[in-house]
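> My questions all concern the structure below.
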Amino acid sequence: MSIILDGKAVAETIKDTVRKEVETTGLNPGLAVVIVGENPASRIYVNSKKKDCAECGIRSEEFALTADAGEEKLLAVINELNNRPDIHGILVQLPLPKGYSEQKVIQAIAPEKDVDAFHLMNVGRIMVGDYAFLPCTPAGVMALLDHYGIDPQGKHCVVVGRSDIVGKPQAMMLLHRHATVTICHSRTPDLGAITRQADILVAAVGKVNLITADMVKPGAVVVDVAMNRDENGKLCGDVDFPGVEPVASYITPVPGGVGPMTRAMLLCNTLASAKAAIDLRA
Ligand code: GUN
């Protein structure tokens, strides 16, 4: 039997803290959410982000562009938002439709408003451990571990997945917390031989049942970042939860684990950006 890392509950306590801080400081944080085209998953994510903001007293403004609006139009919207003092965070929901350069679009966001922390300036700052924002998903994983008193220091942390958004920054954050970190990916031979060494295992690939019980050291902490659908259309992660749960000491559920933490971190980043803007003007 393992302890469930209840991201849903922890995210609610973080949201409470954000809400109280917005109230007591009188800050008026504003988040611009930009969505291009009609991707149904993106629509669900954007609606959730707007709802989260409303619950915490953060203003959100949606900018919806049709898929054929074009990159120039999108860049013009971003430029306008960069120059608006009442907007502290700019999030362009990814993926963008065909014909848009995601890199070009992300690099157009002012780094001090880049609450996703995808801009190269913010990516670089994570590398040296001197950051304004951390990307929401790996930051959410760290906050969840912290909440349960799980200290990565001295542990062998194995991150499966090397995406720019999750795997790479996750590894760096664990390294900054004095873990020994191994990054695995699709070309790692004998994945289980590596994952079995993990004290903390973070799975972030997007492949149903990638991590099975035989790949987990008894007593390991298992964090499942992925959001997949199984053959019945049910939400699931990369970890075979029923199989792994009895082996792990702590484990995240999917849904209700990392997902809500990711959403909470966006609120924290937006609040932090509003605070920094005040500091800059002071
Ligand atoms: N699409 C999927 N995840 C994310 C995210 O964290 N940020 C943005 N902007 N788009 C996404």
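> Quick one: which residues, 5+ away or cross-chain, put their amide H under 5 Å from the amide H of residue 198? H built at 1.01 Å from N.
The answer is 217.
> Let me ask something else. Relative to the compact globular guide of 2.2 N^0.38 Å, what is the alpha carbon radius of gyration of the stretch 179-255, as a ratio?
Normalised Cα radius of gyration, the stretch 179-255: 1.02.
> So with the 1.4 Å probe, I'd like the accessible area per residue for the chain, rounded to whole Å². All intermediate terms of the calculation are to be shown ahead of the outcome.
Working: 13120 Å² over 282 residues.
Value for the chain: 47 Å² per residue.
> Tell me which residues come under 5 Å, amide H to amide H, from residue 62 once H is placed; ignore anything under 5 positions away on its chain.
Under 5 Å from the amide H of residue 62: 33.
> Something else: Among 14, 105, 232, whose Cα lies farthest out toward the positive end of the dipole of the chain, if unit charges sit on the beta carbon of Lys, Arg (+1) and Asp, Glu (-1)?
Going by the charge dipole, the pick is 105.
> Taking the alpha-carbon distance from residue 275 and a cut-off under 18 Å, which lysines remain once sequence neighbours fewer than 8 residues away in the same chain are dropped?
Within the straight-line limit of under 18 Å, residue 275 reaches these lysines: 15, 20, 113.
> Pop out the ³J(HN,Hα) list for the stretch 35-42 in order, Karplus 6.51 cos²θ - 1.76 cosθ + 1.60 with θ = phi - 60°, rounded to Hz; leave Gly and Pro as x.
10, 10, x, 10, 4, x, 5, 4
> A follow-up question, please. Pairs 98/168; 98/234; 73/98; 207/234: which exceed 22 Å Cα-Cα?
Among 98/168; 98/234; 73/98; 207/234, the Cα-Cα distance tops 22 Å for 98/168; 98/234.
> Also: When 1/r is averaged over all different Cα pairs and the result inverted, which Kirkwood radius in Å belongs to the stretch 81-162?
14.7
> For the stretch 68-93 and the stretch 105-168, compute the distance between their C-alpha centroids and round to whole Å.
So the separation of the two Cα centres works out to 23 Å.
> In a Gaussian network model over the chain where Cα atoms closer than 10 Å are linked, find which of 161, 259, 233 has the largest mean-square fluctuation.
Among 161, 259, 233, the largest GNM mean-square fluctuation belongs to 233.
> Additional query: Using amide H atoms built 1.01 Å from N in the peptide plane, name the residues 5+ places from residue 256, or on other chains, whose amide H lies under 5 Å from its own.
Placed amide hydrogens put nothing under 5 Å from residue 256.
> I'd like the Kirkwood hydrodynamic radius of the stretch 130-191, using the inverse of the mean 1/r over distinct C-alpha pairs, in Å.
It works out to 12.1 Å.
> Can I ask one more? Could you check how much of the accessible area of the stretch 47-192 is carbon and sulfur, as a whole percent, using a 1.4 Å probe?
55
> Still on this model: Can you list the aspartates and glutamates whose alpha carbon is less than 14 Å from that of residue 50, not counting same-chain residues fewer than 8 positions off?
61, 62
> Residue-wise, which Karplus ³J(HN,Hα) couplings in Hz belong to the stretch 80-86, taking 6.51 cos²θ - 1.76 cosθ + 1.60, θ = phi - 60°, and x for glycine or proline?
Each residue of the stretch 80-86 in turn: 4, 5, 4, 8, 8, x, 8 Hz.
> Something else: Let me understand the stretch 95-248 better: what is its radius of gyration from the alpha carbons, and its Dmax, in angstrom?
Cα only, the stretch 95-248: 16.2, 47 Å (Rg, Dmax).
> Any idea how far the Cα center of the stretch 1-46 sits from the one of the stretch 246-268, in Å?
Each part's Cα centre sits 13 Å from the other's.
> Ok, one more. Given that compact globular proteins tend to follow 2.2 N^0.38 Å, what is the ratio of the alpha-carbon Rg of the chain to that value?
Normalised by 2.2 N^0.38 Å, the Cα Rg of the chain equals 1.01.
> Here's another thing I want to ask about it. Reported to two decimal places, what Rg/Rh ratio describes the stretch 1-144 when computed on Cα atoms with Rh from the Kirkwood expression? Working shown, then result.
On the way: Rg = 16.1 Å, Rh = 16.4 Å.
A ratio of 0.98.
The values are calculated or read from the model by the stated rules, or taken from the named source; none is laboratory data. For clarity, every value in this text was computed on a predicted model and none was experimentally measured. Because the Cβ atoms are built from the backbone with ideal geometry, glycine has one as well, and the counts that use them run over all protein chains shown. All accessible areas refer to the heavy atoms of the entire protein, side chains included, with ligands and DNA or RNA removed. Shrake-Rupley method; radii C 1.70, N 1.55, O 1.52, S 1.80 Å.
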